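Worksheet: the structure to be examined is printed underneath.
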Amino acid sequence: MSENKTVRFIITRQDRPDSDPYEEEFVIPYRPNMNVISALMEIRRNPVNAKGEKTTPVAWEMNCLEEVCGACSMVINGKPRQACAALIDKLEQPIRLEPMRTFPVIRDLVIDRSRMFDALKRVKAWIPIDGTYDLGPGPRMPERKRQWAYELSKCMTCGVCLEACPNVNSKSNFIGPAPLSQVRLFNAHPTGAMHKAERLRAIMGDGGLANCGNSQNCVQSCPKGIPLTTSIAALNRETTIQMFRDFFGSDEV
Amino acid sequence: MAGNREFYYRRLHSLLGVIPVGVFLVQHLVVNHFATRGPEAFNRAAAFMENLPFRYFLEIFVIFLPLLFHAVYGIYIAFTAKFNTRQYGYFRNWMFMLQRITGIITLIFVVWHVYETRVQAAFGVQVNYDMMANIVDNPFMLGFYIVGILSTVFHFANGLWSFCVSWGLTVSPRSQQVFTYITMIIFIALSIVGIRAILAFA
């Protein structure tokens, strides 16, 4: 029975970073428990479009296949999400696949997320522990706080929150919700907190925290359920204090 | 950090929208509401405001300069957004879009309103009950004023909400939700005050 069942795809393709996008339709045989990745693999195995013409295989990115790496993010039926976690049985057909155009498109569904990694560097999203000698164990973290911080650490830099944000676009240089929330994560760490002011000052810079317009699409779209808007509001409070500290001086070092 | 003032401009924009512009708006609507008690009451209240000491100082530093900064920077903010309510029809995203649209409507309304009243006053025209009654005698202008008032009041009420987020006063989702209700009550209450006043002139 399932032999003649098919899945229909309309995929937005683009041959080169500077060429125009176009749509191509594919019809592939249905298999139970398929996801978008396995469907794309099927197209790659037999790159023939719905008109029966031979075409180039669709390019996309993937890695972990269990929604923890963030590489396979794309716009599926209008919503940005991970292709690996998008089950065919739960999608309305024809399934429309588009690249997340907030980012530069390299080819077909492959995008360049460099801006996110640059932003992580800018906000110092790490804990500096390297030295020329053993610094010994750092301060301990309460278990309750560790569990709380773990939720923030689930961010996989997938770019869905930037895609959903109306303030991340070609007219603005907003770094987006993901790197902001990482500032809250690393400032919450007892060792990371030693560089708290540096991170806060980084997001008080160009394209930083203040660019948030509170549309709150990010928190609705995050595949990991990270409380992004709570992070942003908490950072708003922290930067308010930091701003006064920097201006008036502070007795705190 | 040198040379980059964006963070401070944004915070200033947020602050000025509430203090003094928002405070002035509430005061203005309340004074207008005297019109519901008749022309005399309104003219007395308007005359009181007009004869406040340091009038020009107050007008420049409490109204015009803050309003000018809020308006100019607000246009920049509104036009750097790319609305996507069609794809992401969440409540807050709609409010995000409405905040920017009502901002632009409010700006058009306020420019016209200031020209029609304060600028005319500078040329020696009396600002009183009759002036407003003449303006809203035209049903189109009455409609324009009602839209203008509603959009201004919405922009203020919803702006209070984002002010509280932007300054870190409401952090948790629950506090933001409660404040959404509070600001919507403020929107309805101030709308009633404003609409009652403008209808009193009609």
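Couple of notes before you dig in:
- Nearest-ten-degree value, helix A:143-153 long axis tilted from longest Cα axis of chain A: 50 degrees
- The value of relative contact order for chain A, using C-alpha pairs under 8 Å at least six residues apart, is 16 percent.
- Using C-alpha pairs under 8 Å with a sequence gap of at least 6, the mean separation divided by the residue count of segment A:2-111 gives a relative contact order of 31 percent.
- Tilt relative to chain B, helix B:91-114 - C-alpha long axis, 0 to 90 degrees, to 10: 30 degrees
- Remark: mean inter-chain Cβ contacts per residue of B:170-179 equal 3, using a 10 Å Cβ-Cβ cutoff to other protein chain atoms.
- Residue order, fewest to most beta carbons within 10 Å, for A:CYS218, A:CYS165, A:CYS69, A:CYS64: A:CYS64, A:CYS69, A:CYS218, A:CYS165
- Shape call, the protein assembly as shown: gyration tensor on alpha carbons, a/c limit 1.5: oblate
- Distance from segment B:30-44 to segment B:50-117 (C-alpha centre basis), Å: 26 Å
- By average C-beta atoms within 10 angstrom, highest first, the peptides B:57-68, B:153-164, B:10-21, B:42-53: B:153-164, B:10-21, B:57-68, B:42-53
- Total lysine pairs whose alpha carbons fall under 23 Å of each other in the protein assembly as shown (8 or more apart, or interchain): 23
- Taking A:THR229, B:THR85 and counting other C-beta atoms within 10 Å, the order from fewest to most: B:THR85, A:THR229
- Rounded Å value of the spacing that divides the Cα centres of segment A:11-37 and segment A:146-185: 27 Å
- Label-to-label distance, nm, for residues given as A:ASP20 and B:GLN126 (7 Å Cα→Cβ offset): 6.6 nm
- Under 13 Å, Cβ to Cβ, from A:GLN93 - net charge with Lys/Arg +1 and Asp/Glu -1: +1
- For chain A, A:CYS72, A:CYS84, A:CYS155, A:CYS158, A:CYS165, A:CYS212, A:CYS222 have no disulfide-compatible partner, since no other Cys C-beta lies under 4.7 Å from theirs.
- Other residues lying with their Cβ under 15 Å from the Cβ of A:GLN220 contribute a combined charge of +4, Lys and Arg counting +1, Asp and Glu -1.
- Each of B:THR180, A:THR56 has some number of other Cβ atoms within 10 Å of its Cβ, and from fewest to most they run A:THR56, B:THR180.
- If you take the Cα centroid of segment A:192-213 and the Cα centroid of segment A:225-253, the two points sit 8 Å apart.
- Peptide B:79-86 shows a mean partner chain C-beta count of 5 within 10 Å per residue C-beta.
- Considering only A:ILE37, A:ILE241, A:ILE111, the mean-square fluctuation computed in a Gaussian network model of chain A, springs between alpha carbons under 10 angstrom, is largest for A:ILE241.
Since every read-out is calculated from the coordinates, none of them should be taken as a lab result. Computed from a predicted structure; not experimentally measured. All Cβ positions, glycine included, derive from the backbone under ideal geometry; neighbour counts span all protein chains shown.
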